[in-house]
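The structure appears below as structure tokens.
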Amino acid sequence: MDSRLGGGQSLGKRLLNIRVVDAEGKTLSIEKTMLRTVLFSLPSLLNGLSLSVSRTPAFISGLISIVVVCLGGAIIYMLLFNRETKQGIHDIAVGSFVVNVGHEDMLQPKTIWSTHWIILAGLLLVLGVGGTIASEVISRSGTFVALLDDVRSVEALPGVQNAGVQKMWSSNGGGTTRQTLFVSVVWNGRSTDEEKLATLAAQTLLSKDPDALTYDTIRVAVTRGYDIGIASSWRSNTYSHSPQDWQ
């Protein structure tokens, strides 16, 4: 609807009385509009993906992180601080502008302040280097390696799309500390078999990870549902027992 097919106005833009046009004040082609929309939406959509740790190649995960952080960060920065042309990265890529209806002929594009690109490059460099250093430090942690092995074990179970494992601590007023191993599982099986899947996940960890027996509680949350980017629905049930009871 942001293209010439919709007069350069989505439903929201119609309410706000604004329109997407090019430098000549004309509405965009469907191809340019689709590219503009993809660039704007991609970081948000990819950030919502729940990927399998054991089945997703490292370069895919890295590429997604780059798109989410770099492209997403660049879009936000330019929307907030590019006061000269008021364009985001998605606008700059296709040469589009968002203007008030009736002012299309008065569009006088200005030059983007060159320092924006220097600042943006610096911010992305800091984020990239910082993220790499943090990943290296975390990946060398013994606790991280052990939890990662637990995730791989759970994701190998039938019907498990992805899993996550967290080590949690809690304490009461008397100073007693309890340790909980929290396992989250996204599963595509039947709702009637959720408890069976939770039991299988807990028993798998207990058989493969000796440290699992040292926890006071093992909690397994089984989640079923879908996420198609523009709509999602999830239902989750949690099962909690001591390691001995799980066994």
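Roughly how many whole Å is it from the C-alpha centroid of the stretch 140-171 to that of the stretch 60-76?
Distance between centres, Cα-based: 25 Å.
So how tilted is helix 30-47 from the main axis of the chain? Cα-based, degrees 0 to 90, rounded to 10.
Orientation of helix 30-47: about 30 degrees from the principal axis.
Could you give the size of the charge dipole of the chain about its Cα centre, using +1 on the Cβ of each K and R and -1 on the Cβ of each D and E, expressed in debye and rounded to the nearest 20? Walk me through the numbers before you get to the answer.
On the way: 21 positive and 20 negative charges, 87 e Å.
With only Lys, Arg, Asp and Glu charged at Cβ, the dipole is about 420 debye.
For the chain, what does the convex hull of the Cα positions come to per residue, in cubic angstrom? Kindly include the intermediate steps, with their values, before the conclusion.
Working: hull volume 47.0 nm³, N = 247.
Dividing the Cα hull volume of the chain by its residues yields 190 Å³.
Out of Val94, Gly6, Asn82, whose Cα points farthest toward the positive end of the dipole of the stretch 4-139 (charges: +1 Lys, Arg; -1 Asp, Glu; placed on Cβ)?
Result: Gly6, furthest along the dipole toward the positive end.
What percent does the relative contact order of the stretch 83-208 come to when contacts are Cα pairs within less than 8 Å and at least six residues apart?
Values: 83 pairs, mean separation 20.3, N = 126.
Taking the mean separation of contacting Cα pairs over the length of the stretch 83-208, I get 16 percent.
What is the chain's relative contact order, in percent, from Cα pairs under 8 angstrom and six or more apart in sequence? Walk me through the numbers before you get to the answer.
Working: 335 pairs, mean separation 34.6, N = 247.
Here the relative contact order equals 14 percent.
Would you mind ranking Val38, Val67, Val186, Val154 so that the residue whose beta carbon has the fewest other beta carbons within 10 Å leads the list? Write out the running numbers ahead of the final one.
Values: Val38 12, Val67 16, Val186 21, Val154 25.
Least to most surrounded, the residues fall as Val38, Val67, Val186, Val154.
If exposed means no more than 13 neighbouring beta carbons inside 10 Å and the site is in a DSSP loop, what's the longest run of the chain without any exposed GluC sites (Glu not before Pro)?
On the way: sites that count: Glu24, Glu84.
Longest stretch, sites excluded: 85-247.
Among Met1, Met78, Met106, Met168, which comes first, then next, by fewest other beta-carbon atoms within 10 Å? The partial results should precede the final answer.
Values: Met1 15, Met78 21, Met106 9, Met168 12.
Ascending number of Cβ neighbours within 10 Å: Met106, Met168, Met1, Met78.
Summing -39500 (n - 2.57) over the DSSP H runs of n ≥ 4 in the chain and dividing by its residue number, what mean residue ellipticity at 222 nm do you reach, to the nearest 500 deg cm²/dmol?
Details: 9 runs with 107 residues, N = 247.
Helix contribution divided over all residues of the chain: -13500 deg cm²/dmol.
How do Ser29, Ser170 line up, fewest other C-beta atoms within 10 Å first?
Values: Ser29 14, Ser170 11.
With the fewest neighbours first, Ser29, Ser170 line up as Ser170, Ser29.
Could you pull out every one of the lysines with an alpha carbon less than 23 Å from that of Lys86, ignoring same-chain neighbours closer than 8 positions?
Of all the lysines, those that pass the test against Lys86 - Cα under 23 Å, at least 8 places apart if same chain - are Lys13, Lys26, Lys32, Lys110.
Bear in mind that the values in this text are calculations on the coordinates, not laboratory data. Note that the structure is a prediction, hence the values are computed from the model and not measured. Ideal geometry is used to build each Cβ from the backbone, glycine not excepted, and the neighbour counts take in all protein chains shown.
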